[in-house]
Amino acid sequence: MPADTDLTKQNDELIRFTNVTKRFGDNTVLDDLCFSVRPGKHVTLIGPSGSGKTTILRLLMTLARPDSGTIDVNGGRLFPAGEKERREVRKKIGMVFQQFNLFPNMTVLRNITEAPVRVLGLSKDEAEERARELLDLVGLADRVDARPSQLSGGQQQRVAIARALAMRPQVLLLDEVTSALDPELVAGVLDVLRDIARSTDITMLCVTHEMNFARDISDDVLMFDAGKVIESGSPEKIFSEPEHERTREFLGAVL
Ligand code: ADP
């Protein structure tokens, strides 16, 4: 058994932030932050704008680096670590962004097969077979040859979800994935994500303002304020009986 699997089992933690601090100039965005996520759990990060939620996802994607502290994923070290180790650990993580970020000049199929072929070394046939399965999962099996510009925002976001899953990540990061969509397209994307949460064992870390969705899919909710987790617990606890005054204020404003 590989050592990293052992370690995950021992610790029962897939993601661990330990004393992570991140600053932009004078702005301390994450302040000595500690939290962990167990394998297969769906965790939602909530809290006021600017409280550091997106920064956490960006650190996990190695799009930013912490000033201090350690970040571990599946028993491997993401920060601080050498470039090679970081790249290996990073492969286990996929992300869907607010703005779908599809390659505009490629078909839907090619958008999904590109990275598995280039990064994972899959054959074109293997990658296409997997892409078709995923397009089926997100309800777009008939749009393989379309270009992103021919799709609605909701469809583009579902392609972006399929593209992230094509890399077979252990962790899926979702950053306000419905915020850029017209209201009538939101439900379709959330339904796809509910389906994935139900039918796979993927670990999800989700930043969202869709509180009903958060309540449905979350095992745990983490409430952030000023770069710290100020309260955490089951959705029932956080949404129905929040302990912290800041949580009550925040939920009062968004619910
Ligand atoms: P949230 O997702 O909770 O809204 P963010 O993690 O996006 O919060 O941002 C936290 C703070 O970090 C904000 O004050 C934001 O302006 C700042 N910030 C984020 N990214 C950068 C950056 N690249 N340069 C400077 N400041 C940034």
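List the pairs whose first member sits in segment 103-130 and is in the same structural domain as L151 (by TED's automatic domain parsing) and over 16 Å from A164 (Cα atoms), whose second member is at pLDDT 95 or above and basic (K, R), and whose Cβ atoms are under 6 Å apart, counting only residues at least 6 apart or on separate chains?
Note: no pairs meet the criteria.
Return the total of residues in segment 35-51 being part of a strand (DSSP E or B) and either in contact (Cβ under 8 Å) with a residue 60 or more places away in the chain or within 7 Å of the ligand (Cβ to nearest atom) (or both).
The initial filter retains those residues of segment 35-51 that are part of a strand (DSSP E or B), namely 35-37, 42-46.
Next cut, either in contact (Cβ under 8 Å) with a residue 60 or more places away in the chain or within 7 Å of the ligand (Cβ to nearest atom) (or both) only: 35, 37, 42-46.
Qualifying residue count, segment 35-51: 7.
Of a type in the set (S, T, N, Q) and in contact with a strand residue (DSSP E or B) (Cβ under 9 Å, 6 or more places away or on another chain): does that describe S68?
The answer is yes for S68.
Looking only at residues in segment 222-251 that are small (G, A, S) and either modelled with pLDDT of 95 or more or buried (at least 17 other Cβ atoms within 10 Å of the Cβ) (or both), which one is nearest to the ligand (Cβ to nearest atom)?
Across segment 222-251, the extreme among qualifying residues is G227.
Going by the conditions given, is E176 within 16 Å of the ligand (Cβ to nearest atom) and at positive phi?
Details: within 16 Å of the ligand (Cβ to nearest atom): yes; at positive phi: yes.
So E176 passes the test.
Looking only at segment 52-66, which residues are crowded, with 20+ Cβ neighbours inside 10 Å, more than 9 Å from the ligand (Cβ to nearest atom) and more than 14 Å from K92 (Cα to Cα)?
Correct list: P66 only.
Within the group L181, L193, L205, which residue is outside any helix (DSSP H, G or I) and under 16 Å from the mean Cα position of the chain (by Cα)?
Sole residue among the options that is outside any helix (DSSP H, G or I) and under 16 Å from the mean Cα position of the chain (by Cα): L205.
Suppose we filter S152, S179 for residues that are surrounded by fewer than 16 Cβ atoms within 10 Å (Cβ to Cβ), touching a residue at least 12 places away in the same chain (Cβ under 8 Å), small (G, A, S) and touching a helix residue (DSSP H, G or I) at 6+ places or on another chain (Cβ under 7 Å); which single one remains?
S152
When segment 213-255 is examined, which residues are found to be of a type in the set (D, E, K, R) and in a helix (DSSP H, G or I)?
If the condition is that a residue be of a type in the set (D, E, K, R) and in a helix (DSSP H, G or I), then R215, D216, E236, K237, E245, R246, R248, E249 are the ones that fit.
Tell me the residue from T70, T113 that is of a type in the set (S, T, Y) and outside any helix (DSSP H, G or I), please.
On inspection, the qualifying residue turns out to be T70.
Checking the conditions here, which among D201, D195, D142, D219 is in contact with a strand residue (DSSP E or B) (Cβ under 8 Å, 6 or more places away or on another chain) and surrounded by fewer than 18 Cβ atoms within 10 Å (Cβ to Cβ)?
D219
Starting from segment 206-227, take each residue that is more than 13 Å from L251 (Cα to Cα) and list its partners that are away from the ligand (no atom under 14 Å from the Cβ) and assigned to a loop (DSSP other than H, G, I, E, B), counting only C-beta distances under 6 angstrom and pairs at least six apart or across chains.
What qualifies is D219/K41.
Quickly run through segment 114-157 and pick out the residues that are under 21 Å from V177 (Cα atoms) and of a type in the set (V, I, T).
Once the filter is applied, which keeps residues that are under 21 Å from V177 (Cα atoms) and of a type in the set (V, I, T), segment 114-157 yields only V138.
Do you know which residues across segment 188-221 are within 16 Å of the ligand (Cβ to nearest atom) and of a type in the set (V, I, T)?
V207, T208, V221
The values are calculated or read from the model by the stated rules, or taken from the named source; none is laboratory data. Predicted model, so just to flag it, every value in this text is computed and none were measured. Heads up, the Cβs are rebuilt from the backbone with ideal geometry, glycines too, and the neighbour counts pull from every protein chain shown.
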